[in-house]
Amino acid sequence: MSTHDEVLISIRQIVRAIDLHSKQLNKNFGLTSPQLLLMRTIQSSPKMTLRQLSNNSNMSQATATSILDRLEKRGFIKRERDTKDKRKVHAVITTAGEQVLEQAPQLLQDNFIEQFQALDQWEQTQILSSLQRVSRMMNTPDISPEDLILAIDPESIHFS
């Protein structure tokens with residue numbers, strides 16, 4: 001097996017672990033990882049436009065808007081027009097949304113966070129740098145990340 005095949009298998013394992021954690025988060029807490037990510041992004045930067053919000057959370061604007069619609073229906077966020085430029089819309093966390101965020105678990109598994117934080121700072125930085133590079137490489141216009149992940153035969157992957 002080539003090294004690039006092993007890289008793709010590792011990426012697929014990461015994607016699968018994140019997906020399983022997101023499903024567990026939704027089952028146990030009632031929010032998906034993207035919903036929680038958007039709410040935390042809004043909380044940390046409440047003056048972002050919807051476009052900035054989608055860019056910062058690495059989602060298409062249509063996906064972010066759809067998620068915001070669901071969060072707004074549940075009363076966790078509200079949309080407000082900018083006071084100076086009425087064309088701009090900001091998402092704001094409501095009191096109910098703040099309460100949910102106070103109780104919300106981490107987006108990543110706790111055991112991963114504990115293990116990662118136990119690493120030396122240089123190793124954390126090295127991992128982050130490597131993942132950022134892989135992300136940039138996969139975001140080339142020639143092929144989408146979904147195509148790369150779907151190119152792996154799931155039957156050949158064994159998770160331990």
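For the reader, a short list of remarks on this structure follows.
- Residue count for segment 8-55, restricted to those that are in contact with a Ser or Thr (Cβ under 9 Å, 6 or more places away or on another chain) and closer than 20 Å to Arg81 by Cβ: 7.
- Contact annotation: residue pairs with Cβ atoms under 6 Å, 6 or more positions apart or on different chains, pairing a residue in segment 37-48 that is assigned to a helix (DSSP H, G or I) with a partner that is of a type in the set (S, T, N, Q), are Leu37/Ser57; Leu38/Ser57; Thr41/Asn56; Thr41/Ser57.
- Test result for Asn58, free of Cβ contacts under 8 Å to residues at least 60 places away in the same chain and surrounded by 14 or more Cβ atoms within 10 Å (Cβ to Cβ): no
- Residues that are of a type in the set (Phe, Trp, Tyr) and modelled with pLDDT under 80 are absent from segment 107-121.
- Put simply, of Gln43, Gln13, Gln35 the only residue that is modelled with pLDDT of 85 or more and over 30 Å from Thr95 (Cα atoms) is Gln13.
- Test for Thr83: is it more than 16 Å from the chain's Cα centre (by Cα) and exposed (fewer than 12 other Cβ atoms within 10 Å of the Cβ): yes
- Residue selected from segment 61-78 under the condition basic (Lys, Arg) and without any contact (Cβ under 8 Å) to a residue 24 or more places away in the chain, by the criterion surrounded by the fewest Cβ atoms within 10 Å (Cβ to Cβ): Lys73
- Selection status of Thr49, of a type in the set (Val, Ile, Thr) and in the same structural domain as Ser130 (by TED's automatic domain parsing): no
The values are calculated or read from the model by the stated rules, or taken from the named source; none is laboratory data. Since we're looking at a predicted model, the values are computed, not measured. Using ideal geometry, Cβ is built from the backbone for each residue, glycine included, and neighbour counts are taken over all protein chains shown.
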